[in-house]
Structure formats: C-alpha cells, structure tokens
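A.B. asks: There's a structure below that I have some questions on.
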Amino acid sequence: MTILFDEDVQTDAEVAAHGALMGPSPASQRELRAHLVAHGAVPAMDANAVLRLAVDSGLTGHGGAGFPLYRKLEAVIAARGWAIVVANGAEGEPASAKDRWLLARRPHLVLDGLQLVARATNATDAYLYANHRLDVAVLTDLLAERRHAGLDPVSVTVVAAPDAFISGEETAVVSHISGSAALPRFKSPRVTERGVRGRPTLVSNVETLALLALIARRGAAWFRSAGTPDAPGTMLLTVGGAVRAPGIVETGHGTPLADVLALAGGASTHLEAVLLGGYHGTWLTADEVTFAKLSRSDLAPLGASPGAGVVVAMGAGTCGLVEMSRVMSYLAEESAGQCGPCLNGLPRIANELKSVAFGGAGGRRAVDEMLRLGGIVVGRGACHHPDGSMRFLRSGLRVFAAEVELHLAGRCSRTSSDVVLPTAVTR
Amino acid sequence: MKTTKAGPRIVVDWTACDGRGLCAELLPELVSRDEWGFPLIPEPSVPASLRDHAERAIAACPRLALRLAST
C-alpha cells in the first residue's frame, strides 16, 4: 500500500525550547542535503566512544519501556556471535504518530543512530522495521542515497511491520525479521543473546536512535541540559483528543502535563481526564493532570508512565466507558491468540465492559467480573498485552467511577458522537 | 515479588501451553488450573522437597511448555 509520507501527520504545534528533534523548524529533513545542512555529519568515533555516549547521556528507550540504551548495547556486545541491529518504527499503537513523524521528517537522524549502534556492537546487518503506512520504496531509495554517499558502512534492509498492535513488541520484531509471523515469543533467551536468525540483536526505537545521532554531534552534556537529572533529555509526544492543536510536540522529561496540553493549544473543552501512555497506559483525572509531570519517577505514584509518549485529552460530552469499551474490544481482537489466558480472557472482559458501557444491563456483577477476569489474565502471557490492557481498564474504572454509577442507573453522559480514542489509524 | 529462598522458579511458555493439565495433576502442590484449563502458579518458587515432582511435571508436559528458571 502506498501511503502519503509527509502530509498525514500534523506538526503545527509549537516546539518547546529544547526541541532537539523538531527544532529548529518542523520542516522535513528527508532530503539528505537538508539533513546535512541542519545537523552536519556524524563525527568519526569508535565503538567504545559510542558506548560511552550512551552511558554518559543517560539515554533511555523511547518505545515505551524506558530501558537504558547502554545496557542493551552491553548485553549485545557481551553475547557470542555477530550482532544485528534493528531500528524499531513499527508504532502499532493507533493513538501514536511520533515514530511515523520521525521517519517522515527526520529519517536520516534515525539512520545515523542505527549506524552508531551498529558500530558500537560491531554489527554486520541492520534493519529498519517501519510502520505499515510508510512507503518502503521511499525508504529504500533514501538508504541507497546514503549508501552512495558513504554514510552507511553497514547496509540496511527495510522491513514493513504488519498492521497489528503488538507488531512492535521486541520478540515479535525479531520473529518477523527472521521470516516468521510478527508474534511475541517466550522471553528466554533474550533477543540481545538470540534474536534475529539466532544472532545477538539490538532492537531500539527509532526516536532513541535519532536522539543518539544528536548526542553524537552535540555531546552527552548537551543532552542532559534538558529533562531532569534522573530522566535527561527530551521526548516526542503525540497529543490528541480534546486539544485545539493535536499533533506531535517535543518536551523535556519532567515537564508538567498541563504544559504539554498547552503546547498542543490547550484543552478545547472542559477537561475530564487524560490517557497517558496509550492503550497499555493509564488514565489520570483532571485533578491529577494539574500536578502530574512527565517522567517515570514523577508518574510512578500515580501508577502511570510516559510510555511511548501518547497523551489523549478527554473532554466533556464524551463518555469514558464508551471510549474504553471500543478500545478493549479492539485490544481483545489484537491478541496474537497464542496464550490461553489472553485469548480467552480479553474477549470476555471486553464483553462485560460493553454490557456496562452500552445500556448498563450487565450491572455491578459485570464490573466485578471484568476485574476478576483481569486478575486471571495479568502476568500470564508471552508479552505484556494482557497486563497493559488491564492497566488501561482498571485505571479507567477508577477515573470514570462516577460514569460507571451513572451507567448502572441506566444513563450516560455522552452528548457528542466524536471518537476520542482511535482503534485504527484513520485516512 | 515475594522473596522466599531463591530456589528455581517454575515458568510457563504461554505460547506453547495448550492447557492439557498434566502439570496440575503431577504437581498439585504448586499448580492448579484456571477456568479454561491453563496453569495457575501463584507461588512459582520450587522448594527442594518438590524439586523431583516439578522435574517430573516438566518432563511430562506434552507441549514442552514448562521450565525451571534459576532466578
């Protein structure tokens, strides 16, 4: 499928002061010349220098888990065999667009970063695992141009990620690039030891790699000048829902959530709740939004995390249960179907929620039952799909507790037919 | 995580498990089954006294879905 490469992601939101990736303007740097004018070439450095930058900068993964890049690098370096590196731009989350934005507007930063981790791990093969909506031919042309210009000593193969919520899960990525279906597998041995075709593999989110490419040019201290001491640097966020200027924004770790909403034009209506971290993420009340800050340590007491940077504002007129019900049904359908508890449990949970969201017929029994079933599915899968789905549901039932009571009384506060949480990428 | 003496833990490869239930029959001290037949292992640490039984259950799994993990 050929898809618009550039125009499909809104990027009009104001760029924060430390807009490392978006600055100096959100304009495209897809042309190699534009990239080199904006950033210059990557300075020559050996494997140890790259590793040292990863350590000194404190760069963590931007795919959701927030794992330190240097520890993955060290694990791959320590493993036996020739390494493989993968830039993960699958972005299966329908509410996220930042990785597509990066691959559309800043592809050369991602590819520079991929070469840096290839150097650090002495890798012989590299892959760009790209969201299904991106045009593989465009990316392949761009790689040919880089190769011709001598920028890519390790050749890079583009692999299209399937259109599935879990296609970016690390073991699913490795399975797909190895020639199998993009399905998660048992986590032992780790992909850093045995990944693509059984070789030690580094799978890193595209934003993480783009940031590494900037750090290589400007240094670890520059990176640490944004964010907080324990969560340095900036992150891209996809801000959607009830805001005036939905789109991609960049901000330092630790930025107040209220400031993030302001960067996206501010709430477009009375704010009821915010979903943070996507469909495996956590709902926050409007009150919590007033003091929440976007770093892992700041959000931990709220049971939340920045995840892969999805922020969705829910305004008055929409119903949290109706929104959650559609998403839970989607998540149940997106189960890879490999693990019994997830395969059997998520559809039952989704149906119980539906019975409360639409008409309230399921009653309080349905609420109790979805929580009981949640207790059975959590922690019992090859990947975190059941765990993340239940985090989304449980936090939503807390935040929308008043709405639950309304539904049990046969009512609903929904007055708008707007869909706030997309379950498929539109257009 | 509970910190009983760091014996080996019994872990399930959920992508392999089909819910046949032999593990629950051979190791009822640790394993029961959920409503779909899949193993429930609330306390996965295997005490020394059950080590032989655990190894027998692991060997008997027709799907090779059980393992002992050291940490």
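The values are calculated or read from the model by the stated rules, or taken from the named source; none is laboratory data. Source: prediction; values computed, not measured. As a convention, Cβ positions derive from the backbone with ideal geometry for all residues, glycine included, and neighbour counts pool all protein chains shown.
A.B. asks: Could you look through the stretch A:252-264, keep only residues that are more than 18 Å from A:A95 (Cα to Cα) and touching a residue at least 40 places away in the same chain (Cβ under 8 Å), and pick out the one that is surrounded by the fewest Cβ atoms within 10 Å (Cβ to Cβ)?
C.D. replies: A:G254
A.B. asks: A:L294 versus (1) under 18 Å from the mean Cα position of the chain (by Cα); (2) closer than 14 Å to A:Y279 by Cβ: which is the lone unmet condition?
C.D. replies: Of everything listed in (1) under 18 Å from the mean Cα position of the chain (by Cα); (2) closer than 14 Å to A:Y279 by Cβ, A:L294 misses just condition (2).
A.B. asks: Out of B:A59, B:A48, I need the residue that is more than 10 Å from chain A (Cβ to nearest Cβ), among the aliphatic types (A, V, I, L, M) and without any contact (Cβ under 8 Å) to a residue 12 or more places away in the chain. Which one?
C.D. replies: Unique residue meeting the criteria: B:A59.
A.B. asks: Of the residues A:R372, A:R364, which single one is within 14 Å of chain B (Cβ to nearest Cβ), surrounded by fewer than 21 Cβ atoms within 10 Å (Cβ to Cβ) and either at pLDDT below 95 or assigned to a helix (DSSP H, G or I) (or both)?
C.D. replies: Of A:R372, A:R364, the one residue that is within 14 Å of chain B (Cβ to nearest Cβ), surrounded by fewer than 21 Cβ atoms within 10 Å (Cβ to Cβ) and either at pLDDT below 95 or assigned to a helix (DSSP H, G or I) (or both) is A:R372.
A.B. asks: Hey, another quick one. With the requirement that a residue be touching a Pro at 6+ places or on another chain (Cβ under 7 Å) and more than 13 Å from chain A (Cβ to nearest Cβ), what does the stretch B:24-41 give you?
C.D. replies: Within the stretch B:24-41, B:A24 is the sole residue that qualifies.
A.B. asks: Just the residues that are under 23 Å from A:G320 (Cβ atoms) and over 19 Å from the mean Cα position of the chain (by Cα), please, taken from the stretch A:263-282.
C.D. replies: Residues satisfying the conditions are A:G265, A:G266, A:A267, A:S268, A:T269, A:H270, A:L271, A:E272, A:A273.
A.B. asks: A follow-up question, please. Working carefully through the options A:G227, A:G252, find the one that is within 23 Å of A:R105 (Cβ to Cβ), at pLDDT below 95 and within 17 Å of the chain's Cα centre (by Cα).
C.D. replies: Numbers: A:G227 fails: within 17 Å of the chain's Cα centre (by Cα).
The match here is A:G252.
A.B. asks: Among (1) assigned to a loop (DSSP other than H, G, I, E, B); (2) more than 14 Å from chain B (Cβ to nearest Cβ), there is one condition A:A336 misses while meeting the rest; what is its number?
C.D. replies: (2)
A.B. asks: Mind listing just one residue for me: the one in the stretch A:375-388 that is assigned to a helix (DSSP H, G or I) and touching a Gly at 6+ places or on another chain (Cβ under 9 Å) and, of those, nearest to the other protein chains (Cβ to nearest Cβ)?
C.D. replies: By that ranking, first place goes to A:I376.
A.B. asks: Please determine, by comparing only the residues of the stretch B:9-23 that are touching a helix residue (DSSP H, G or I) at 6+ places or on another chain (Cβ under 7 Å) and either more than 14 Å from chain A (Cβ to nearest Cβ) or not in a loop (DSSP other than H, G, I, E, B) (or both), which one is surrounded by the most Cβ atoms within 10 Å (Cβ to Cβ).
C.D. replies: For the stretch B:9-23, the residue satisfying everything is B:C23.
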